[in-house]
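The values are calculated or read from the model by the stated rules, or taken from the named source; none is laboratory data. From a predicted model like this one, the values you see are computed outputs, not experimental measurements. So basically every Cβ, Gly included, is an ideal-geometry build from the backbone, and we count neighbours across all protein chains shown. Areas reflect the complete protein model, heavy atoms only, side chains present, ligands, DNA and RNA absent. Shrake-Rupley method; radii C 1.70, N 1.55, O 1.52, S 1.80 Å.
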Amino acid sequence: MNVVIYSKPMCGYCVAAKNLLTNRGIEYEERYLDSQESIMQFITEHPDKRSMPQIWIDDEHIGGFEQLKAKLS
């Protein structure tokens with residue numbers, strides 16, 4: 001399973017998503033949006049995705065924390 005999670009500083013749902021993945025033993029790649037440049041690049045590439053975290057599993061966008069929780073249930 002290939003998991004990519006976009007997250008940002010001080011994001012409780014980002015922490016919860018990463019904790020859920022870690023607790024399930026699922027490795028993930030975090031793309032941390034911690035600069036104006038990284039945020040602008042993300043918005044340019046994904047203009048319809050404004051909230052964090054944003055999660056992809058095996059190149060399929062699944063959404064945020066609630067969608068991840070539902071998918072892993």
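Below, the figures for the structure above:
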item	result
Selection from the stretch 1-46 of residues that are part of a loop (DSSP other than H, G, I, E, B) and either open to solvent by 80 Å² or more (accessible area, probe 1.4 Å) or on the phi > 0 side of the Ramachandran plot (or both)	1, 8, 10, 24, 25, 27, 34
Of all residues in the stretch 60-73 being outside any helix (DSSP H, G or I) and modelled with pLDDT of 95 or more, the one that is surrounded by the fewest Cβ atoms within 10 Å (Cβ to Cβ)	60
Residue within the stretch 48-57 that is of a type in the set (Lys, Arg), at pLDDT below 95 and open to solvent by 40 Å² or more (accessible area, probe 1.4 Å) present	yes
